[in-house]
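One structure is given here, and the rest of the page talks about it.
The values are calculated or read from the model by the stated rules, or taken from the named source; none is laboratory data. Remember, predicted model here, so these are calculated numbers, not experimental data. Cβ placement follows ideal geometry from the backbone for every residue including glycine, while neighbour counts extend to all protein chains displayed. Heavy atoms of the whole protein, side chains included, go into the accessibility calculation; ligands, DNA and RNA do not. Shrake-Rupley method; radii C 1.70, N 1.55, O 1.52, S 1.80 Å.
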Amino acid sequence: MEVILLKDVKGVGKKGETKTVSDGYGNNFLIKNKFAVRKTEASVAHLEKEKALQAQKEEELRQEALKNKEKLSQITLEFKAKAQGSGNMAGTISTKEVEDRLKKEYGIIIDKRKFVEKYPINAFGYTNLKIELYKGVIAEIRVHVSEDK
């Protein structure tokens, strides 16, 4: 029996693949638990349409990421921090603070887990942070930390 997998099934295959399985396994497990459907012309056509919609959605997400990359390249975030007696910065500026500032001031929503270098900023001056907005689309944002007097 040939089936089209609707979900990833360990030991069988990935979502969207066509696999040949035994009749009992296909009917009693895969189809019954909605892990797969029987391969017919209608199910193949439905799968192709679903793949085309998914590809279109992925392209829209990529285009949105490219727009955000352009915006982020022009932004410099300003932070103020207190200085210690030795002149070094007291505390750090975390990626969470950068994420919050981008959301509040510019309306750009970025997940803090998307930062490529996850180290906190602990020095005065300019720092460039890299953010992976989408697969292969990496933006850079400038962060400036000055001394709070």
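Separation of segment 81-116 from segment 10-38 is 48 Å, based on Cα centroids. Between 0 and 90 degrees, the angle of helix 41-73 with respect to the longest Cα principal axis of the chain falls at about 10 degrees.
Between [x] 132; [y] 144; [z] 97, which entry matches volume of the Cα convex hull per residue in Å³ as derived from the coordinates of this structure? Recomputing volume of the Cα convex hull per residue in Å³ here picks out [y]. Only bridges whose two residues both fall in segment 37-149 count here: according to DSSP, what percent of them are antiparallel, nearest 5? Of all bridge pairs located within segment 37-149, approximately 65 percent are antiparallel.
Our estimate of slack between residue 122 and residue 137, defined as 0.36 nm per intervening residue step minus the Cα-Cα distance, is 2.8 nm.
Overall, segment 1-116 carries a charge dipole of about 360 debye about its Cα centre when +1 sits on the Cβ of Lys and Arg and -1 on the Cβ of Asp and Glu, all other atoms neutral.
The heavy atoms of residue 38 offer some 120 square angstrom of accessible surface to a 1.4 angstrom probe.
How large is the helix-only mean residue ellipticity at 222 nm for the chain, computed as the sum of -39500 (n - 2.57) over DSSP H runs with n ≥ 4, divided by its residue count, in deg cm²/dmol to the nearest 500?
-9000 deg cm²/dmol
The distance between label points at residue 96 and residue 111 comes to 1.7 nm (points 7 Å beyond Cα on the Cα→Cβ vector).
With a 1.4 Å probe and all protein chains left in place, how much accessible area per residue does the chain have, in Å²? Mind dumping the intermediate values first?
Details: 10130 Å² over 149 residues.
About 68 Å² of surface per residue is accessible.
In segment 1-60, the portion of solvent-accessible area held by carbon and sulfur atoms comes to 54 percent [1.4 Å probe, whole percent, DNA, RNA and ligands not counted]. By a 1.4 Å probe calculation restricted to protein chains, residue 32 has an accessible surface near 150 Å², given to the nearest 10.
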